[in-house]
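The values are calculated or read from the model by the stated rules, or taken from the named source; none is laboratory data. From a predicted model like this one, the values you see are computed outputs, not experimental measurements. Here the Cβ is made from the backbone with ideal geometry for all residues, glycine too, and neighbour counts use every protein chain on show. Just the protein is used for accessible areas: all its heavy atoms, side chains included, with ligands, DNA and RNA removed. Shrake-Rupley method; radii C 1.70, N 1.55, O 1.52, S 1.80 Å.
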Amino acid sequence: MTTHNPAPSWNGAAPGARKFPPPPPPMSPFAPTYIDVDPMRMRGKQPPNHLALSVVALVCSLPLLCLFGAIGLYFSSQVTARWNAGDVEGAQKASNVALIIDVIGIVIGGFFLLAALGGSGY
């Protein structure tokens, strides 16, 4: 003789009766709809990554073990990566840091290059 065990009930309902969660409420006619809206266009324009400036800083900072150029290249690459991940604020900060580091690297590297060229005349 076999006994039939009914399926477990959901939410404390009587055995054998299945109870499902209620359906979601209907949408309000005044709720905003985002059909055919590209979220990438809603964020605005991607900040510049200053990649070319980072390469120039890398070349100018060769006497300084490429320190400023390498850091500038890192932050330049972070702009696009953060933008694609949806981090707009992080992309803007990475763009600003890349610009500052690149300008510092070019100025200091250019100073050392001019000093090296000026000192070789003796």
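For the reader, a short list of remarks on this structure follows.
- Residue 84 fulfils the conditions (1) out of contact with any Leu (no Cβ under 9 Å at 6 or more places or on another chain); (2) open to solvent by 70 Å² or more (accessible area, probe 1.4 Å); (3) modelled with pLDDT under 85 except for a single criterion, (3).
- Among residues of the range 72-95 that are assigned to a helix (DSSP H, G or I), those with a beta-carbon under 7 Å from a residue that is among the aromatic types (Phe, Trp, Tyr) and at pLDDT 90 or above at least six positions away or on a different chain give the pairs 91/83; 94/75.
- Being in contact (Cβ under 8 Å) with a residue 24 or more places away in the chain and part of a helix (DSSP H, G or I) is a property that holds for residue 98.
- In the set (1) modelled with pLDDT of 60 or more; (2) open to solvent by 80 Å² or more (accessible area, probe 1.4 Å), the condition left unmet by residue 5 is number (1).
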